[in-house]
Amino acid sequence: MTVPIDSQMYELQVPTLSLPRHVGIIMDGNGRWAKKRNRPRVFGHKNGVDAVRQVVKSSGEWGIPALTLYAFSDENWQRPRDEVGVIMSLLESYILKEKEELNRNNVRLRVIGELDRLNPRIREILTDAVSDLSSNTGLILTLALSYGGRSEITRAVRMIAKRIEDGNLSSKDITNQLISDHLDTSGLPDPDLIIRTSGEQRLSNFLLWQSAYAELYFTDVLWPDFSKEEFSRAIVYFGTRERRFGRTSDQLSKSRNLQSETSTVEC
């Protein structure tokens, strides 16, 4: 699902594109990128950090409000201990090195997942970074660490059940919004666009509840090679989609015409 893009088309379409409010990215392919170069998997993880920098910067330039990166899944704990150790070291290094740059770019940081599984030093570094960047008003960067969509939903159900047990909530009060309010991403809009690199075409337990109506963009590009141009292709692709949310195209057209007429009258 790769969208060709040339400079003229890019310049003409960008100003009129409908932009996603929230982009989620499954950063896949570090190991295969390294293998193609006859290097160990950790070499791919190290080079993948540059792609993170580019995507964060590009999101700010596009004016996208929220970006969530699937950095480490709860299933990733099953990987070789040495590889997990390198990933955690890279995470620690990224936060320490990039915090000032994120602050200069007005980026706010959030972290979601089963964070109690992280070692205390990394949790402290993440907590400090979240606090230090909390007053920023630009891009909300969320790192999904030790994260899984199913475990997130399970935690939400447990919290709701506890409120019912305590007599603070009735089963009749359970709605889609109530469940969303108990998820790790509470307060964020649902993702409009999910990007996955490396040619795989599955969600892999990422933002399962939240992605019910997300547009999906798959690219064969391996994560370390994911550039600002490839990110732009995904954004342009999103802008071409008709998002109906269960309605028909005719209904959407009538709604847009009505909005246009209302806007004209108000002017």
If residue 102 satisfies every condition in (1) outside any helix (DSSP H, G or I); (2) within 29 Å of residue 50 (Cα to Cα) but one, which is the exception? (1)
Which of the residues belonging to the range 92-125 are in contact with a strand residue (DSSP E or B) (Cβ under 7 Å, 6 or more places away or on another chain) and either acidic (Asp, Glu) or farther than 23 Å from residue 191 by Cα (or both)? 114, 117, 118
Is it fair to say residue 115 is hydrophobic (A, V, I, L, M, F, W, C) and surrounded by fewer than 19 Cβ atoms within 10 Å (Cβ to Cβ)? yes
From the option list 124, 83, single residue qualifying as in contact with a Lys or Arg (Cβ under 9 Å, 6 or more places away or on another chain) and farther than 22 Å from residue 207 by Cβ is 83
Taking the criterion of being touching a helix residue (DSSP H, G or I) at 6+ places or on another chain (Cβ under 6 Å) and more than 30 Å from residue 236 (Cα to Cα), would at least one residue in the range 91-98 satisfy it? yes
Inside the range 136-251, counting only helices (runs of 4 or more DSSP H) that do not spill past its ends, which hold 3 or more residues that are among the charged types (D, E, K, R)? 149-165, 228-240
Matching entry among 8, 78 (being at pLDDT 95 or above, over 19 Å from the mean Cα position of the chain (by Cα) and either at positive phi or surrounded by fewer than 14 Cβ atoms within 10 Å (Cβ to Cβ) (or both)): 78
Please go through the range 221-246 and pick out each residue that is among the charged types (D, E, K, R) and either without any contact (Cβ under 8 Å) to a residue 24 or more places away in the chain or under 19 Å from residue 52 (Cβ atoms) (or both). 225, 228, 229, 230, 233, 242, 244
Cβ pairs under 6 Å, 6+ apart, first in the range 160-181 and under 19 Å from residue 112 (Cβ atoms), second of a type in the set (A, V, I, L, M, F, W, C) and assigned to a helix (DSSP H, G or I): 179/156
What do you reckon, is residue 42 modelled with pLDDT of 95 or more, among the aliphatic types (A, V, I, L, M), surrounded by fewer than 21 Cβ atoms within 10 Å (Cβ to Cβ) and more than 14 Å from residue 195 (Cβ to Cβ)? no
By residue number, the members of the range 118-127 that are crowded, with 17+ Cβ neighbours inside 10 Å and either under 18 Å from the mean Cα position of the chain (by Cα) or not hydrophobic (A, V, I, L, M, F, W, C) (or both) are 126
Does residue 91 satisfy the criteria of being under 17 Å from the mean Cα position of the chain (by Cα) and among the aliphatic types (A, V, I, L, M)? yes
Selection count where residues are more than 12 Å from residue 107 (Cα to Cα), charged (D, E, K, R) and not in a loop (DSSP other than H, G, I, E, B), scope the range 54-86: 5
Can you find even one residue in the range 47-66 that is closer than 21 Å to residue 149 by Cα and not acidic (Asp, Glu)? yes
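The values are calculated or read from the model by the stated rules, or taken from the named source; none is laboratory data. All values derive from a computational prediction rather than experimental measurement. Cβ: placed from backbone, ideal geometry, glycine included. Neighbour counts: every protein chain shown.
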